[in-house]
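Visitor: There's a structure below that I have some questions on.
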């Protein structure tokens, strides 16, 4: 029975990993299309348009990283060895760091593009 669960977990993990690959491929195509439209824009597109292309790609890459991490967890879910757990910990740490820094960049851009509203006036 355990072998059956391992096999199904492997298939499921492969499917999730395939979904991550598809997300990356579609995001890269979308970013390429938008980057070309920004590059060939007349008059030249503002820096904000270029930054938006980069940040949109970063958002999709963050989603793909989450899918990849889920696939790794599925692969080690059924009776993992200490070696598999160590590899998962290293991969999870790297992917989490990448995702953290991508999110910091996205949040930083959001703060720059939408400055805080002025404080509300207090009542009488």
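Visitor: Which one of 89, 64 is modelled with pLDDT of 80 or more and over 18 Å from residue 19 (Cα atoms)?
Guide: Within the list 89, 64, the selection yields 89.
Visitor: Is the stretch 23-36 home to any residue that is over 20 Å from residue 99 (Cβ atoms), more than 18 Å from the chain's Cα centre (by Cα) and at pLDDT below 90?
Guide: No, the stretch 23-36 has no match at all.
Visitor: Quickly run through the stretch 37-50 and pick out the residues that are at pLDDT 85 or above and closer than 30 Å to residue 96 by Cβ.
Guide: Listed by number, the list is empty, since nothing qualifies.
Visitor: Let me ask something else about it. Do you know which of the residues in the stretch 77-86 that are in contact with a helix residue (DSSP H, G or I) (Cβ under 8 Å, 6 or more places away or on another chain) and either over 18 Å from residue 19 (Cβ atoms) or at pLDDT 85 or above (or both) is surrounded by the fewest Cβ atoms within 10 Å (Cβ to Cβ)? Break it down stepwise before answering.
Guide: Going residue by residue through the stretch 77-86, those that are in contact with a helix residue (DSSP H, G or I) (Cβ under 8 Å, 6 or more places away or on another chain) are 77-80, 84.
Now narrow it down to the ones that are either over 18 Å from residue 19 (Cβ atoms) or at pLDDT 85 or above (or both): 78-80, 84.
On the way: 78: 15, 79: 10, 80: 14, 84: 14.
By that ranking, first place goes to 79.
Visitor: Within the stretch 41-52, how many residues turn out to be more than 16 Å from residue 106 (Cα to Cα) and either exposed (fewer than 15 other Cβ atoms within 10 Å of the Cβ) or within 23 Å of the chain's Cα centre (by Cα) (or both)?
Guide: Our first condition is that a residue be more than 16 Å from residue 106 (Cα to Cα); within the stretch 41-52, this holds for 41-46.
Next, from what is left, pick out any that are either exposed (fewer than 15 other Cβ atoms within 10 Å of the Cβ) or within 23 Å of the chain's Cα centre (by Cα) (or both): 41-44, 46.
Total meeting the criteria: 5.
Visitor: Considering only the stretch 53-76, I want to know if a residue exists there that is over 15 Å from the mean Cα position of the chain (by Cα), without any contact (Cβ under 8 Å) to a residue 60 or more places away in the chain, surrounded by fewer than 16 Cβ atoms within 10 Å (Cβ to Cβ) and not in a helix (DSSP H, G or I).
Guide: Looking for residues that are over 15 Å from the mean Cα position of the chain (by Cα), without any contact (Cβ under 8 Å) to a residue 60 or more places away in the chain, surrounded by fewer than 16 Cβ atoms within 10 Å (Cβ to Cβ) and not in a helix (DSSP H, G or I), one finds none in the stretch 53-76, hence no.
Visitor: Go through the stretch 22-40 and give me each residue that's exposed (fewer than 13 other Cβ atoms within 10 Å of the Cβ) and either in contact with a helix residue (DSSP H, G or I) (Cβ under 6 Å, 6 or more places away or on another chain) or part of a helix (DSSP H, G or I) (or both).
Guide: Passing the criteria: 22, 25, 26, 29, 32, 33, 36, 37, 39.
The values are calculated or read from the model by the stated rules, or taken from the named source; none is laboratory data. Small disclaimer: the values here were computed from a predicted structure and weren't measured. FYI the Cβ positions are ideal-geometry reconstructions off the backbone, even for glycines, and counts take in every protein chain you see.
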